[in-house]
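One structure is given here, and the rest of the page talks about it.
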Amino acid sequence: MDKSKIPVPVIVISIFYFISAFLVLAAGVASIFLSWKNIDLIGLGPSPETLMVVGIIALVISVLYIFVGKDLLRGKKWARTAVIVLSGIASVENLILIFGNVFLIIPLAINIAILLYLLLNRDAKKSFSKR
């Protein structure tokens with residue numbers, strides 16, 4: 001396989017990270033907006049300070065996801081490592097929380113598939129070598 005060619009599954013994972021970045025960015029902006037407006041939709045919400053901190057963290061995570069997605073397409077080793085770590089953390093989190101929400105089986109399956117692909121697939125490993 002040509003080392004300059006990025007495998008289709010890596011492109012799909014990259015697109016997944018771009019979509020995730022957009023969703024996390026939207027959640028962060030909404031959280032910051034709600035903290036500024038001091039809007040409590042159901043009367044039991046978190047404090048404005050908590051919403052602001054959560055919003056800022058979400059913005060930082062969305063920027064990280066954008067860089068990861070971009071550098072996955074470029075075949076950067078650090079991006080592959082970051083995806084492996086992030087998918088591993090998300091898998092553990094989903095395993096812990098799955099007993100409260102059975103629908104977490106879907107993101108758990110996606111994260112395990114990403115982990116297995118990036119760790120075990122020869123084409124994936126080759127596409128990230130020497131970059």
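The values are calculated or read from the model by the stated rules, or taken from the named source; none is laboratory data. What you see is a predicted model; the values in this text were computed from it and never measured. FYI the Cβ positions are ideal-geometry reconstructions off the backbone, even for glycines, and counts take in every protein chain you see.
Need the failing condition index for Ser20 against (1) over 16 Å from the mean Cα position of the chain (by Cα); (2) modelled with pLDDT of 90 or more; (3) surrounded by 13 or more Cβ atoms within 10 Å (Cβ to Cβ), just the number.
Going through (1) over 16 Å from the mean Cα position of the chain (by Cα); (2) modelled with pLDDT of 90 or more; (3) surrounded by 13 or more Cβ atoms within 10 Å (Cβ to Cβ) one by one, Ser20 breaks only (1).
Looking at (1) without any contact (Cβ under 8 Å) to a residue 40 or more places away in the chain; (2) assigned to a helix (DSSP H, G or I); (3) hydrophobic (A, V, I, L, M, F, W, C), which one does Ile114 not meet, given that it meets all the others?
That leaves (1) as the condition not met.
Yes or no: Ser35 part of a helix (DSSP H, G or I) and touching a residue at least 12 places away in the same chain (Cβ under 8 Å)? Walk me through it before giving the result.
Working: part of a helix (DSSP H, G or I): yes; touching a residue at least 12 places away in the same chain (Cβ under 8 Å): yes.
Criteria met by Ser35.
Which one of these does Thr50 not meet: (1) of a type in the set (S, T, N, Q); (2) surrounded by 14 or more Cβ atoms within 10 Å (Cβ to Cβ); (3) more than 27 Å from Leu119 (Cβ to Cβ)?
Among (1) of a type in the set (S, T, N, Q); (2) surrounded by 14 or more Cβ atoms within 10 Å (Cβ to Cβ); (3) more than 27 Å from Leu119 (Cβ to Cβ), the lone unmet condition for Thr50 is (2).
Take Val53 and tell me if it is at pLDDT 95 or above and not charged (D, E, K, R).
Working: at pLDDT 95 or above: no; not charged (D, E, K, R): yes.
No, not satisfied.
Which residues, counting only those in segment 74-88, are among the hydrophobic types (A, V, I, L, M, F, W, C) and surrounded by 17 or more Cβ atoms within 10 Å (Cβ to Cβ)?
Ala79, Ala82, Val83, Leu86
Given the condition closer than 30 Å to Ser129 by Cβ and either surrounded by 13 or more Cβ atoms within 10 Å (Cβ to Cβ) or modelled with pLDDT under 95 (or both), answer yes or no: does some residue in segment 31-44 qualify?
To start, the set of residues in segment 31-44 that are closer than 30 Å to Ser129 by Cβ comprises none.
No, every residue in segment 31-44 fails to be closer than 30 Å to Ser129 by Cβ and either surrounded by 13 or more Cβ atoms within 10 Å (Cβ to Cβ) or modelled with pLDDT under 95 (or both).
So, Val63, is that one part of a helix (DSSP H, G or I), closer than 19 Å to Leu25 by Cα and in contact (Cβ under 8 Å) with a residue 60 or more places away in the chain or not? Let's see the steps before the verdict.
Numbers: part of a helix (DSSP H, G or I): yes; closer than 19 Å to Leu25 by Cα: yes; in contact (Cβ under 8 Å) with a residue 60 or more places away in the chain: no.
Criteria not met by Val63.
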